[in-house]
Amino acid sequence: MKTTKTRIIFFTIALTYSLILGFYMRDFLVLSPTLQVFYLLSVLPTLFLAVEIKSKAMRSVIFILLALIFLMNLAYAVYCRRVFPFLAIVSIAIVLTYFTAFSDSVRKDNLLTKIYILVVSTVIIVLLLSAYIFVYKQDDLSLTNGQSTVWDTNTVKLANEICADCDTDEEKVKAIYSWMIHNFEYDYECEPFIQYFNVRKTLSKRKGICYDFSHLFAALCRSQNIHCYVIDGDKRDSTQYHHTWNRVYFDGSWWNMDVTFDIVQTKKHEQLYGFRKIGNPYIQDKEYQITKIY
């Protein structure tokens, strides 16, 4: 009886946390299939607390699944530089805590419990495969919402306002570019330990570094269904100098552009980099050694 009460308490805590997290992320979850999958991976383990699991075999299955979810979240956080997986891992930790510290009865599970665990486990495995595809196997990331570049419904509304008088993709791209170089400042005091893109923070502060600006530009373009890549690179004559810029598609061609450089140049009233036509989005750069395209 005591174990049942404890399980219910843990279930309530985990479920409440998941609901709060979902409410906070709701504007992102509506638009990002990737975040939807990772959110569900954080919520579904909570369902294991809804029934009393007695056998070591069933608990072993749960531990394996929790470990796989943790590793996938960690891979997503590191590879895509996202903070969200660490928030999602909290609910997984709550479930793990219960099964390691409070679930000690060893008896045979009834048939319904086994079927229940099998169904939940199958859904989790499908989601893990989907998460792997979203993170590593997508063919074209130039329209993706959910990896390093993540935007919400408010971002779409903003992009719609910026592009309200535009008819073509070229007009939309140049309107977004013009709006950014005239409304943002480079944050010379920013020395991030880990670089990750936070669309809400960047838009509210109107300051940032190259990583912030290139992802914001990509988010605004992609929200208008315009293909845009973010490019990471190291300066060829100084590998300690890292930079991030964009390659965007309009008017039947790919264009190299550096919104961060032009934000700085605009404030100095000096010559802009502008848009420079390139053959394809994967072509090498003369000044930078490209390390990542996403």
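The values are calculated or read from the model by the stated rules, or taken from the named source; none is laboratory data. None of these values were measured; they are calculated from a predicted model. Cβ placement follows ideal geometry from the backbone for every residue including glycine, while neighbour counts extend to all protein chains displayed. Just the protein is used for accessible areas: all its heavy atoms, side chains included, with ligands, DNA and RNA removed. Shrake-Rupley method; radii C 1.70, N 1.55, O 1.52, S 1.80 Å.
Surface exposure of region 178-294, expressed per residue as accessible area with a 1.4 Å probe, stands at 52 Å². Here r is the Cβ-Cβ distance between ILE115 and PHE23 and R0 is 35 Å; the resulting FRET efficiency, rounded to 0.05, is 0.65. Round to the nearest 0.05 the FRET efficiency obtained for SER55 and GLN271 when R0 = 51 Å and r is the Cβ-Cβ distance. Using R0 = 51 Å, I get an efficiency of 0.10. Here the Karplus relation 6.51 cos²θ - 1.76 cosθ + 1.60, evaluated at θ = phi - 60°, turns the backbone of region 81-97 into coupling constants of 6, 10, 8, 3, x, 5, 5, 5, 5, 4, 5, 5, 5, 5, 5, 4, 4 Hz, with x for every Gly and Pro. Remark on the chain: CYS80, CYS190, CYS210 stand apart, with no other cysteine beta carbon under 4.7 Å. Looking at region 154-294, the DSSP beta bridges with both ends there are about 90 percent antiparallel. Helix 153-162 and the longest principal axis of the C-alpha atoms of the chain enclose an angle of approximately 10°. Anisotropy class assigned to region 129-210 is oblate, per the alpha carbon gyration tensor with a/c at or over the 1.5 cut-off and a/b no larger than b/c. Taking the C-alpha atoms only, the angle from helix 56-79 to the longest principal axis of the chain is near 10 degrees. Separation of the alpha carbons by more than 25 angstrom is noted, of LYS56/LYS137; LYS157/LYS286; LYS174/LYS205; LYS205/LYS235, for LYS56/LYS137; LYS157/LYS286; LYS205/LYS235.
Out of the total accessible area of the chain (probe 1.4 Å, heavy atoms of protein only), what percent is carbon and sulfur?
Roughly 60 percent of what the probe reaches on the chain is carbon or sulfur.
For the chain, the alpha-carbon coordinates run over 75, 38, 38 Å along the three principal axes, in decreasing order. Residues in region 104-175 average 57 Å² of solvent-accessible surface per residue, probe 1.4 Å, ligands and nucleic acids excluded. Relative to its Kirkwood radius, the Cα radius of gyration of region 1-141 gives an Rg/Rh of 0.99. 3J(HN,Hα) along region 10-17: 5, 4, 5, 5, 5, 5, 4, 4 Hz, from the Karplus curve 6.51 cos²θ - 1.76 cosθ + 1.60 with θ = phi - 60°, whole Hz, x for Gly and Pro.
Judged by the mean number of other Cβ atoms found within 10 Å, the most tightly packed of the peptides 82-93, 134-145 leads the ranking 82-93, 134-145.
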